[in-house]
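Participant: Please read through the structure below; I'll follow up with questions.
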Amino acid sequence: MKQMTAIIIGAGDRGGRAYAPYALENPHEFKITGVAEPNKDRRIKFQKEHNISIENSFESWEEAFQLKRKIADIAIICTLDRHHYKPTMRALELGYHVLLEKPMSPDPMECIAMEQAAQKYNRNLTICHVLRYTEFWTAIKKVISTGEIGEVVSLQLNENVEVMHMSHSFVRGNWNNKERTSPMILQKSCHDMDIISFVIGRDCKRVSSYGSLMHFKEDNAPVGAPKRCLDGCPVEYECPYHAGRYYLGEGRGWARKFTEDYTNEGIIKALNDTPYGKCVYRSDNNVVDHQVVNMEFEGGATATFSMCGFTREQTRIVQIMGTKGEIRGNMEENSISIFNFLTKHETVIKFDNPIGGHGGGDSSIIRTFLREIQFGNKQDSVSSALASVRSHLMAFAAEESRLNKGQSINIDHYYRSLEENTKI
(Lines give C-alpha, C1' and ligand atoms only; values in the text may rest on other atoms or scores of the structure.)
Protein backbone atom coordinates (compact mmCIF):
# COMPACT_ATOMS: atom_id res chain seq x y z
CA MET A 1 0.00 0.00 0.00
CA LYS A 2 1.10 3.57 -0.57
CA GLN A 3 2.10 5.86 2.29
CA MET A 4 -0.75 8.01 3.64
CA THR A 5 -0.49 11.26 5.57
CA ALA A 6 -2.40 12.74 8.50
CA ILE A 7 -2.87 15.87 10.55
CA ILE A 8 -3.43 15.36 14.28
CA ILE A 9 -6.05 17.64 15.82
CA GLY A 10 -5.29 17.42 19.53
CA ALA A 11 -1.87 15.90 20.33
CA GLY A 12 -2.65 14.84 23.89
CA ASP A 13 -2.89 11.35 25.32
CA ARG A 14 -5.03 9.79 22.58
CA GLY A 15 -3.79 11.71 19.55
CA GLY A 16 -0.16 11.99 20.57
CA ARG A 17 0.43 8.78 22.51
CA ALA A 18 -2.15 6.26 21.28
CA TYR A 19 -2.43 6.82 17.52
CA ALA A 20 0.52 8.90 16.30
CA PRO A 21 3.22 6.34 17.29
CA TYR A 22 2.03 4.10 14.47
CA ALA A 23 3.59 6.60 12.05
CA LEU A 24 6.99 6.31 13.73
CA GLU A 25 6.81 2.53 13.78
CA ASN A 26 5.50 2.18 10.20
CA PRO A 27 6.86 5.16 8.22
CA HIS A 28 6.38 3.34 4.91
CA GLU A 29 2.60 3.29 5.55
CA PHE A 30 1.88 6.42 7.51
CA LYS A 31 3.34 9.89 8.10
CA ILE A 32 2.13 12.74 10.32
CA THR A 33 2.51 15.95 8.32
CA GLY A 34 0.55 18.41 10.48
CA VAL A 35 -0.55 19.10 14.04
CA ALA A 36 -3.02 21.43 15.74
CA GLU A 37 -2.50 21.62 19.50
CA PRO A 38 -3.13 24.62 21.83
CA ASN A 39 -0.53 23.52 24.42
CA LYS A 40 2.68 25.10 23.12
CA ASP A 41 5.13 22.75 24.85
CA ARG A 42 3.20 19.69 23.72
CA ARG A 43 2.87 21.03 20.17
CA ILE A 44 6.60 21.77 19.81
CA LYS A 45 7.55 18.38 21.23
CA PHE A 46 5.17 16.59 18.86
CA GLN A 47 6.34 18.70 15.89
CA LYS A 48 9.96 17.73 16.51
CA GLU A 49 9.15 14.09 17.12
CA HIS A 50 7.39 13.78 13.75
CA ASN A 51 9.56 16.27 11.85
CA ILE A 52 6.59 18.50 11.00
CA SER A 53 7.27 21.80 9.26
CA ILE A 54 6.57 25.08 11.05
CA GLU A 55 3.94 26.07 8.47
CA ASN A 56 1.98 22.88 9.26
CA SER A 57 2.02 23.38 13.03
CA PHE A 58 -1.05 25.20 14.37
CA GLU A 59 -2.50 26.34 17.69
CA SER A 60 -6.08 25.43 16.72
CA TRP A 61 -8.08 23.33 14.30
CA GLU A 62 -9.65 26.54 12.93
CA GLU A 63 -6.21 27.79 11.91
CA ALA A 64 -5.35 24.46 10.28
CA PHE A 65 -8.61 24.14 8.38
CA GLN A 66 -8.79 27.71 7.11
CA LEU A 67 -6.12 26.84 4.55
CA LYS A 68 -7.41 26.56 1.00
CA ARG A 69 -5.57 23.27 0.58
CA LYS A 70 -5.47 19.95 2.37
CA ILE A 71 -2.13 19.19 3.97
CA ALA A 72 -2.83 15.48 4.46
CA ASP A 73 -5.11 12.62 3.45
CA ILE A 74 -6.51 12.09 6.95
CA ALA A 75 -7.55 14.15 9.96
CA ILE A 76 -7.24 12.37 13.30
CA ILE A 77 -9.45 14.35 15.68
CA CYS A 78 -8.74 13.87 19.37
CA THR A 79 -10.01 17.07 20.97
CA LEU A 80 -12.19 16.95 24.07
CA ASP A 81 -15.69 15.52 23.59
CA ARG A 82 -17.57 18.78 23.18
CA HIS A 83 -15.10 19.97 20.54
CA HIS A 84 -15.48 17.06 18.11
CA TYR A 85 -18.36 18.25 15.96
CA LYS A 86 -17.08 21.42 14.27
CA PRO A 87 -13.61 20.18 13.27
CA THR A 88 -15.09 16.90 12.03
CA MET A 89 -17.69 18.63 9.85
CA ARG A 90 -15.07 21.01 8.46
CA ALA A 91 -12.57 18.22 7.78
CA LEU A 92 -15.17 16.19 5.88
CA GLU A 93 -16.14 19.27 3.87
CA LEU A 94 -12.49 19.85 2.95
CA GLY A 95 -12.14 16.26 1.75
CA TYR A 96 -10.24 14.66 4.62
CA HIS A 97 -10.97 11.12 5.72
CA VAL A 98 -11.56 11.33 9.47
CA LEU A 99 -10.60 9.12 12.38
CA LEU A 100 -12.57 10.50 15.33
CA GLU A 101 -11.97 9.72 18.99
CA LYS A 102 -15.00 8.44 20.86
CA PRO A 103 -17.53 9.56 21.84
CA MET A 104 -18.57 11.25 18.60
CA SER A 105 -20.29 14.07 20.49
CA PRO A 106 -22.29 14.62 23.69
CA ASP A 107 -25.17 15.76 21.45
CA PRO A 108 -27.04 12.93 19.67
CA MET A 109 -28.12 15.20 16.80
CA GLU A 110 -24.48 16.13 16.16
CA CYS A 111 -23.63 12.42 15.95
CA ILE A 112 -26.32 11.89 13.31
CA ALA A 113 -25.24 15.02 11.40
CA MET A 114 -21.61 13.83 11.25
CA GLU A 115 -22.69 10.46 9.89
CA GLN A 116 -24.84 12.20 7.26
CA ALA A 117 -21.92 14.46 6.30
CA ALA A 118 -19.63 11.47 5.76
CA GLN A 119 -22.16 10.06 3.29
CA LYS A 120 -22.65 13.44 1.61
CA TYR A 121 -18.93 13.96 1.01
CA ASN A 122 -18.17 10.26 0.41
CA ARG A 123 -15.45 10.19 3.06
CA ASN A 124 -14.42 7.59 5.62
CA LEU A 125 -15.56 8.62 9.09
CA THR A 126 -14.34 5.97 11.51
CA ILE A 127 -14.98 6.19 15.24
CA CYS A 128 -12.30 4.98 17.64
CA HIS A 129 -14.20 2.05 19.10
CA VAL A 130 -10.86 0.34 19.47
CA LEU A 131 -12.24 -2.74 21.25
CA ARG A 132 -13.60 -3.97 17.90
CA TYR A 133 -10.00 -4.21 16.66
CA THR A 134 -8.62 -6.41 19.46
CA GLU A 135 -7.95 -10.14 19.20
CA PHE A 136 -10.05 -10.64 22.32
CA TRP A 137 -13.32 -9.28 20.92
CA THR A 138 -12.81 -10.33 17.30
CA ALA A 139 -12.32 -13.91 18.48
CA ILE A 140 -15.52 -13.77 20.52
CA LYS A 141 -17.37 -12.35 17.52
CA LYS A 142 -16.03 -15.16 15.31
CA VAL A 143 -17.09 -17.90 17.76
CA ILE A 144 -20.61 -16.48 17.89
CA SER A 145 -20.77 -16.06 14.10
CA THR A 146 -19.87 -19.73 13.50
CA GLY A 147 -22.79 -20.86 15.66
CA GLU A 148 -20.52 -22.72 18.04
CA ILE A 149 -22.52 -21.65 21.10
CA GLY A 150 -25.84 -21.61 19.23
CA GLU A 151 -28.07 -18.57 19.40
CA VAL A 152 -27.07 -15.91 21.90
CA VAL A 153 -29.70 -15.67 24.64
CA SER A 154 -28.04 -13.32 27.11
CA LEU A 155 -24.83 -11.36 27.62
CA GLN A 156 -23.36 -9.90 30.80
CA LEU A 157 -20.51 -7.39 30.68
CA ASN A 158 -18.80 -5.81 33.67
CA GLU A 159 -16.56 -2.81 33.15
CA ASN A 160 -14.19 -2.64 36.12
CA VAL A 161 -12.96 0.95 35.87
CA GLU A 162 -10.44 0.52 38.76
CA VAL A 163 -10.62 2.82 41.71
CA MET A 164 -7.61 5.06 40.93
CA HIS A 165 -8.50 5.35 37.25
CA MET A 166 -11.93 6.49 38.44
CA SER A 167 -10.43 9.13 40.72
CA HIS A 168 -7.93 10.29 38.08
CA SER A 169 -10.13 10.59 34.98
CA PHE A 170 -13.67 10.97 36.25
CA VAL A 171 -13.33 12.76 39.59
CA ARG A 172 -10.32 15.04 39.14
CA GLY A 173 -9.75 14.81 35.42
CA ASN A 174 -11.01 15.94 32.04
CA TRP A 175 -14.18 13.84 32.13
CA ASN A 176 -15.43 14.62 35.63
CA ASN A 177 -18.28 16.95 34.71
CA LYS A 178 -20.97 15.92 32.24
CA GLU A 179 -21.88 19.52 31.34
CA ARG A 180 -18.30 20.18 30.20
CA THR A 181 -17.71 16.77 28.60
CA SER A 182 -20.16 13.84 28.51
CA PRO A 183 -22.16 11.61 30.84
CA MET A 184 -20.11 8.65 32.11
CA ILE A 185 -22.16 6.10 30.16
CA LEU A 186 -21.24 7.93 26.96
CA GLN A 187 -17.65 8.98 27.62
CA LYS A 188 -16.36 5.82 29.27
CA SER A 189 -18.89 3.20 28.28
CA CYS A 190 -19.95 3.94 24.70
CA HIS A 191 -17.14 1.41 24.06
CA ASP A 192 -19.26 -1.13 25.90
CA MET A 193 -22.57 -0.28 24.27
CA ASP A 194 -20.76 -0.64 20.96
CA ILE A 195 -18.99 -3.92 21.69
CA ILE A 196 -22.18 -5.51 23.05
CA SER A 197 -23.96 -4.60 19.80
CA PHE A 198 -20.97 -5.79 17.77
CA VAL A 199 -20.82 -9.31 19.22
CA ILE A 200 -24.60 -9.86 19.42
CA GLY A 201 -24.94 -8.64 15.84
CA ARG A 202 -28.49 -7.37 16.15
CA ASP A 203 -30.11 -4.02 16.79
CA CYS A 204 -30.83 -3.02 20.36
CA LYS A 205 -34.54 -2.25 20.70
CA ARG A 206 -34.96 -1.08 24.31
CA VAL A 207 -32.81 0.05 27.25
CA SER A 208 -33.32 0.97 30.88
CA SER A 209 -30.71 2.16 33.37
CA TYR A 210 -29.94 3.06 36.99
CA GLY A 211 -26.90 4.68 38.59
CA SER A 212 -25.65 7.62 40.61
CA LEU A 213 -22.73 9.52 42.07
CA MET A 214 -22.65 7.76 45.43
CA HIS A 215 -19.23 8.32 46.97
CA PHE A 216 -17.08 11.10 45.47
CA LYS A 217 -18.95 14.09 46.85
CA GLU A 218 -18.63 16.74 49.54
CA ASP A 219 -20.78 14.86 52.06
CA ASN A 220 -18.13 12.15 52.30
CA ALA A 221 -15.11 14.44 52.79
CA PRO A 222 -13.05 13.59 55.91
CA VAL A 223 -13.24 16.14 58.70
CA GLY A 224 -10.61 18.82 58.15
CA ALA A 225 -9.72 17.74 54.62
CA PRO A 226 -8.42 20.74 52.61
CA LYS A 227 -9.39 21.44 49.02
CA ARG A 228 -5.96 20.23 47.83
CA CYS A 229 -4.21 17.14 49.12
CA LEU A 230 -0.81 18.83 49.44
CA ASP A 231 -2.23 21.53 51.72
CA GLY A 232 -1.88 19.26 54.75
CA CYS A 233 -4.57 16.60 54.79
CA PRO A 234 -5.12 15.05 58.26
CA VAL A 235 -6.00 11.65 56.73
CA GLU A 236 -3.18 11.50 54.18
CA TYR A 237 -2.13 8.00 55.25
CA GLU A 238 -5.68 6.64 55.58
CA CYS A 239 -7.05 7.94 52.26
CA PRO A 240 -6.35 5.79 49.16
CA TYR A 241 -6.89 8.81 46.91
CA HIS A 242 -4.24 11.17 48.32
CA ALA A 243 -2.83 12.88 45.22
CA GLY A 244 0.73 13.40 46.48
CA ARG A 245 1.24 9.85 47.65
CA TYR A 246 -0.31 8.41 44.48
CA TYR A 247 1.21 10.53 41.70
CA LEU A 248 4.67 10.56 43.30
CA GLY A 249 4.44 6.80 43.86
CA GLU A 250 2.66 4.02 42.02
CA GLY A 251 0.64 6.48 39.92
CA ARG A 252 3.65 8.35 38.53
CA GLY A 253 2.84 7.06 35.05
CA TRP A 254 -0.55 8.77 35.23
CA ALA A 255 1.16 12.11 35.93
CA ARG A 256 2.14 12.30 32.26
CA LYS A 257 -1.53 13.02 31.57
CA PHE A 258 -1.27 16.45 33.20
CA THR A 259 2.38 17.54 33.08
CA GLU A 260 5.27 17.38 30.63
CA ASP A 261 7.74 17.54 33.56
CA TYR A 262 7.87 14.10 35.23
CA THR A 263 10.37 15.05 37.93
CA ASN A 264 9.16 15.20 41.54
CA GLU A 265 9.30 18.98 41.36
CA GLY A 266 7.33 19.06 38.13
CA ILE A 267 4.64 16.74 39.45
CA ILE A 268 4.32 18.67 42.71
CA LYS A 269 3.96 21.94 40.78
CA ALA A 270 1.23 20.40 38.63
CA LEU A 271 -0.59 19.06 41.69
CA ASN A 272 -0.64 22.59 43.08
CA ASP A 273 -1.78 24.14 39.80
CA THR A 274 -4.17 21.62 38.21
CA PRO A 275 -7.35 19.80 39.29
CA TYR A 276 -5.33 16.59 39.74
CA GLY A 277 -4.17 17.85 43.13
CA LYS A 278 -7.68 18.38 44.45
CA CYS A 279 -9.32 16.30 47.16
CA VAL A 280 -11.61 13.78 45.47
CA TYR A 281 -14.42 14.87 47.77
CA ARG A 282 -13.97 18.56 46.98
CA SER A 283 -13.80 18.49 43.18
CA ASP A 284 -16.51 19.78 40.85
CA ASN A 285 -17.30 16.29 39.53
CA ASN A 286 -20.85 15.17 38.82
CA VAL A 287 -20.60 12.03 36.67
CA VAL A 288 -21.82 8.75 38.16
CA ASP A 289 -19.41 6.39 39.88
CA HIS A 290 -21.56 3.32 39.12
CA GLN A 291 -24.27 2.51 36.59
CA VAL A 292 -26.15 -0.50 35.24
CA VAL A 293 -27.90 -0.82 31.87
CA ASN A 294 -30.44 -3.44 30.76
CA MET A 295 -30.89 -4.05 27.04
CA GLU A 296 -33.26 -6.02 24.82
CA PHE A 297 -32.21 -6.88 21.28
CA GLU A 298 -34.03 -7.81 18.12
CA GLY A 299 -35.11 -11.44 18.42
CA GLY A 300 -35.38 -11.35 22.22
CA ALA A 301 -31.76 -11.63 23.40
CA THR A 302 -30.94 -9.56 26.47
CA ALA A 303 -27.79 -7.95 27.83
CA THR A 304 -26.82 -6.42 31.14
CA PHE A 305 -23.94 -4.01 31.58
CA SER A 306 -22.42 -2.82 34.83
CA MET A 307 -19.87 -0.02 35.11
CA CYS A 308 -18.30 0.50 38.54
CA GLY A 309 -15.44 2.71 39.66
CA PHE A 310 -14.76 0.68 42.81
CA THR A 311 -12.74 -2.29 41.58
CA ARG A 312 -9.20 -3.50 42.26
CA GLU A 313 -8.27 -3.94 38.59
CA GLN A 314 -9.03 -2.22 35.31
CA THR A 315 -10.61 -4.77 33.00
CA ARG A 316 -13.72 -5.96 31.26
CA ILE A 317 -15.26 -9.32 32.20
CA VAL A 318 -17.82 -10.89 29.88
CA GLN A 319 -20.13 -13.90 29.95
CA ILE A 320 -22.13 -14.80 26.83
CA MET A 321 -24.78 -17.50 27.15
CA GLY A 322 -25.97 -19.34 24.04
CA THR A 323 -28.33 -22.22 23.39
CA LYS A 324 -25.44 -24.65 22.75
CA GLY A 325 -22.65 -23.24 24.88
CA GLU A 326 -21.14 -20.38 26.79
CA ILE A 327 -18.23 -17.96 26.41
CA ARG A 328 -16.43 -16.34 29.34
CA GLY A 329 -13.61 -13.85 29.04
CA ASN A 330 -11.41 -11.42 30.96
CA MET A 331 -9.63 -8.69 29.00
CA GLU A 332 -6.93 -8.16 31.61
CA GLU A 333 -6.02 -11.85 31.43
CA ASN A 334 -6.46 -11.67 27.63
CA SER A 335 -8.14 -15.06 27.45
CA ILE A 336 -11.53 -16.57 26.67
CA SER A 337 -13.14 -19.88 27.59
CA ILE A 338 -15.66 -21.65 25.33
CA PHE A 339 -17.80 -24.39 26.90
CA ASN A 340 -19.88 -26.89 24.86
CA PHE A 341 -23.07 -28.03 26.59
CA LEU A 342 -23.21 -31.33 24.68
CA THR A 343 -19.63 -32.57 24.96
CA LYS A 344 -18.83 -30.75 28.22
CA HIS A 345 -15.54 -29.77 26.59
CA GLU A 346 -13.95 -26.46 27.47
CA THR A 347 -11.65 -24.69 25.04
CA VAL A 348 -9.42 -21.99 26.53
CA ILE A 349 -7.78 -19.48 24.20
CA LYS A 350 -4.94 -17.41 25.63
CA PHE A 351 -3.93 -14.58 23.31
CA ASP A 352 -0.40 -13.22 22.97
CA ASN A 353 0.38 -10.16 25.01
CA PRO A 354 -0.99 -7.27 22.95
CA ILE A 355 1.27 -4.50 21.71
CA GLY A 356 -0.18 -1.09 22.48
CA GLY A 357 -3.13 0.19 24.47
CA HIS A 358 -6.66 -1.20 24.70
CA GLY A 359 -5.54 -4.77 24.09
CA GLY A 360 -3.72 -3.80 20.89
CA GLY A 361 -6.74 -1.95 19.53
CA ASP A 362 -5.05 1.47 19.44
CA SER A 363 -2.52 0.43 16.80
CA SER A 364 -4.82 -2.01 15.01
CA ILE A 365 -7.42 0.66 14.29
CA ILE A 366 -4.83 2.81 12.48
CA ARG A 367 -3.63 -0.13 10.42
CA THR A 368 -7.18 -1.12 9.47
CA PHE A 369 -8.27 2.46 8.78
CA LEU A 370 -5.44 3.01 6.30
CA ARG A 371 -6.37 -0.14 4.41
CA GLU A 372 -10.07 0.66 4.41
CA ILE A 373 -9.38 4.04 2.80
CA GLN A 374 -7.32 2.52 0.02
CA PHE A 375 -9.08 -0.76 -0.59
CA GLY A 376 -12.45 -0.78 1.20
CA ASN A 377 -15.97 0.59 1.13
CA LYS A 378 -16.02 4.08 2.63
CA GLN A 379 -19.33 3.49 4.42
CA ASP A 380 -18.51 -0.02 5.61
CA SER A 381 -15.53 0.27 7.92
CA VAL A 382 -15.24 -1.86 11.06
CA SER A 383 -16.39 1.04 13.23
CA SER A 384 -17.99 3.41 10.74
CA ALA A 385 -20.07 6.36 11.88
CA LEU A 386 -23.09 4.51 10.51
CA ALA A 387 -22.52 1.64 12.96
CA SER A 388 -21.40 3.89 15.79
CA VAL A 389 -24.40 6.21 15.77
CA ARG A 390 -26.66 3.34 16.80
CA SER A 391 -24.50 2.32 19.76
CA HIS A 392 -24.09 5.98 20.77
CA LEU A 393 -27.87 6.27 20.83
CA MET A 394 -27.96 3.31 23.23
CA ALA A 395 -25.76 5.32 25.60
CA PHE A 396 -27.83 8.49 25.20
CA ALA A 397 -31.01 6.52 25.81
CA ALA A 398 -29.48 4.82 28.87
CA GLU A 399 -28.66 8.21 30.37
CA GLU A 400 -32.17 9.47 29.68
CA SER A 401 -33.55 6.35 31.35
CA ARG A 402 -31.29 6.81 34.38
CA LEU A 403 -32.43 10.40 34.81
CA ASN A 404 -36.04 9.20 34.61
CA LYS A 405 -35.77 6.50 37.30
CA GLY A 406 -35.19 3.60 34.93
CA GLN A 407 -37.87 4.35 32.36
CA SER A 408 -37.64 2.00 29.36
CA ILE A 409 -36.55 3.78 26.16
CA ASN A 410 -37.44 2.47 22.69
CA ILE A 411 -34.31 3.03 20.55
CA ASP A 412 -36.11 3.13 17.17
CA HIS A 413 -38.55 5.77 18.36
CA TYR A 414 -35.71 7.70 19.96
CA TYR A 415 -33.64 7.56 16.75
CA ARG A 416 -36.53 8.67 14.51
CA SER A 417 -37.38 11.62 16.74
CA LEU A 418 -33.78 12.83 16.49
CA GLU A 419 -33.29 12.08 12.80
CA GLU A 420 -36.36 14.13 11.82
CA ASN A 421 -34.67 17.20 13.30
CA THR A 422 -31.19 16.50 11.88
CA LYS A 423 -30.79 17.29 8.20
CA ILE A 424 -27.59 18.81 6.84
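Participant: Given the structure, is Arg316 outside the structural domain of Gly232 (by TED's automatic domain parsing) and either under 23 Å from the mean Cα position of the chain (by Cα) or modelled with pLDDT under 95 (or both)?
Facilitator: Numbers: outside the structural domain of Gly232 (by TED's automatic domain parsing): yes; either under 23 Å from the mean Cα position of the chain (by Cα) or modelled with pLDDT under 95 (or both): yes.
Yes, satisfied.
Participant: Within the bounds of segment 219-232, is there any residue that is touching an Asp or Glu at 6+ places or on another chain (Cβ under 9 Å), in contact (Cβ under 8 Å) with a residue 12 or more places away in the chain, buried (at least 18 other Cβ atoms within 10 Å of the Cβ) and outside the structural domain of Met394 (by TED's automatic domain parsing)? Outline the logic, then answer.
Facilitator: At the first step, the residues of segment 219-232 found to be touching an Asp or Glu at 6+ places or on another chain (Cβ under 9 Å) are 222, 229.
Add one more test, that the residue is in contact (Cβ under 8 Å) with a residue 12 or more places away in the chain, and what stays is 222, 229.
Right, trim to buried (at least 18 other Cβ atoms within 10 Å of the Cβ) and you get 229.
From what is left, the residues that are outside the structural domain of Met394 (by TED's automatic domain parsing) are 229.
So far as segment 219-232 goes, yes, one or more of its residues are touching an Asp or Glu at 6+ places or on another chain (Cβ under 9 Å), in contact (Cβ under 8 Å) with a residue 12 or more places away in the chain, buried (at least 18 other Cβ atoms within 10 Å of the Cβ) and outside the structural domain of Met394 (by TED's automatic domain parsing).
Participant: Could you figure out which of (1) surrounded by fewer than 13 Cβ atoms within 10 Å (Cβ to Cβ); (2) farther than 25 Å from Asp13 by Cβ isn't true of Thr302?
Facilitator: All conditions are met except number (1).
Participant: Can you tell me which of (1) of a type outside the set (D, E, K, R); (2) closer than 27 Å to Arg14 by Cβ; (3) surrounded by 12 or more Cβ atoms within 10 Å (Cβ to Cβ) is the one Thr263 doesn't meet?
Facilitator: Looking at each condition in turn, Thr263 falls short on (3).
Participant: Which of the residues spanning segment 61-105 are part of a loop (DSSP other than H, G, I, E, B) and closer than 23 Å to Asp192 by Cβ? Outline the logic, then answer.
Facilitator: First, pick out the residues of segment 61-105 that are part of a loop (DSSP other than H, G, I, E, B): 66-73, 78-80, 84, 95-96, 101-105.
Matches in segment 61-105: Cys78, Thr79, Leu80, His84, Glu101, Lys102, Pro103, Met104, Ser105.
Participant: Please go through segment 239-259 and pick out each residue that is modelled with pLDDT under 95 and either of a type in the set (A, V, I, L, M, F, W, C) or in contact with a Pro (Cβ under 8 Å, 6 or more places away or on another chain) (or both).
Facilitator: Trp254, Ala255, Phe258
Participant: Considering (1) surrounded by fewer than 22 Cβ atoms within 10 Å (Cβ to Cβ); (2) over 26 Å from Gly357 (Cα atoms); (3) touching a strand residue (DSSP E or B) at 6+ places or on another chain (Cβ under 6 Å), say which one Glu55 fails and leave the rest.
Facilitator: (3)
Participant: Looking at segment 116-139, which of the residues that are under 19 Å from the mean Cα position of the chain (by Cα) and of a type in the set (Ser, Thr, Tyr) is surrounded by the most Cβ atoms within 10 Å (Cβ to Cβ)?
Facilitator: Thr126
Participant: In the set His83, His28, which member is surrounded by fewer than 19 Cβ atoms within 10 Å (Cβ to Cβ) and under 24 Å from the mean Cα position of the chain (by Cα)?
Facilitator: Residue meeting the stated conditions: His83.
Participant: For Leu94, are the conditions met, namely being in contact (Cβ under 8 Å) with a residue 12 or more places away in the chain, surrounded by fewer than 23 Cβ atoms within 10 Å (Cβ to Cβ), among the hydrophobic types (A, V, I, L, M, F, W, C) and more than 26 Å from Trp175 (Cα to Cα)? Steps first, please.
Facilitator: Details: in contact (Cβ under 8 Å) with a residue 12 or more places away in the chain: yes; surrounded by fewer than 23 Cβ atoms within 10 Å (Cβ to Cβ): yes; among the hydrophobic types (A, V, I, L, M, F, W, C): yes; more than 26 Å from Trp175 (Cα to Cα): yes.
So Leu94 passes the test.
Participant: A further question on this structure: Of the residues Thr88, Thr146, which is among the β-branched types (Val, Ile, Thr) and free of Cβ contacts under 8 Å to residues at least 12 places away in the same chain?
Facilitator: Details: Thr88 fails: free of Cβ contacts under 8 Å to residues at least 12 places away in the same chain.
None of the other options fit; the residue is Thr146.
Participant: Given the criteria outside any loop (DSSP other than H, G, I, E, B) and more than 22 Å from Trp137 (Cα to Cα), does Asn272 qualify?
Facilitator: On the way: outside any loop (DSSP other than H, G, I, E, B): yes; more than 22 Å from Trp137 (Cα to Cα): yes.
Considered against the rule, which asks whether it is outside any loop (DSSP other than H, G, I, E, B) and more than 22 Å from Trp137 (Cα to Cα), Asn272 comes out as yes.
Participant: Cβ contacts < 9 Å: first residue within 30 Å of Gly251 (Cα to Cα) and part of a loop (DSSP other than H, G, I, E, B), restricted to segment 314-337; second residue at pLDDT below 95 and among the small types (Gly, Ala, Ser), any location; separation 6+ or different chain. Result?
Facilitator: Met331/Gly359; Asn334/Gly359
Participant: Would you pick out the residues in segment 89-146 that are among the hydroxyl-bearing types (Ser, Thr, Tyr), in contact with an Asp or Glu (Cβ under 8 Å, 6 or more places away or on another chain) and under 17 Å from Ser391 (Cβ atoms)?
Facilitator: Step one: filter segment 89-146 for residues among the hydroxyl-bearing types (Ser, Thr, Tyr), giving 96, 105, 121, 126, 133-134, 138, 145-146.
If we keep only those that are in contact with an Asp or Glu (Cβ under 8 Å, 6 or more places away or on another chain) too, we end up with 96, 105, 121, 126.
Correct list: Ser105, Thr126.
Participant: Further question: Here is a check on your reading of the model: is Thr33 at pLDDT 95 or above, outside any helix (DSSP H, G or I), among the hydroxyl-bearing types (Ser, Thr, Tyr) and not assigned by TED's automatic domain parsing to the domain that holds Ala397?
Facilitator: On the way: at pLDDT 95 or above: yes; outside any helix (DSSP H, G or I): yes; among the hydroxyl-bearing types (Ser, Thr, Tyr): yes; not assigned by TED's automatic domain parsing to the domain that holds Ala397: yes.
When the stated conditions are applied, Thr33 passes them.
Participant: Between a residue in segment 393-405 that is over 13 Å from Ser182 (Cα atoms) and any residue that is part of a helix (DSSP H, G or I) and acidic (Asp, Glu), which pairs come within a Cβ distance under 9 Å, given they are 6 or more apart or on different chains?
Facilitator: Met394/Asp194
The values are calculated or read from the model by the stated rules, or taken from the named source; none is laboratory data. Computed from a predicted model, the values in this text were never measured in an experiment. A quick note on method: Cβ atoms are made from the backbone with ideal geometry, for glycine too, and the neighbour counts reach across all protein chains shown.
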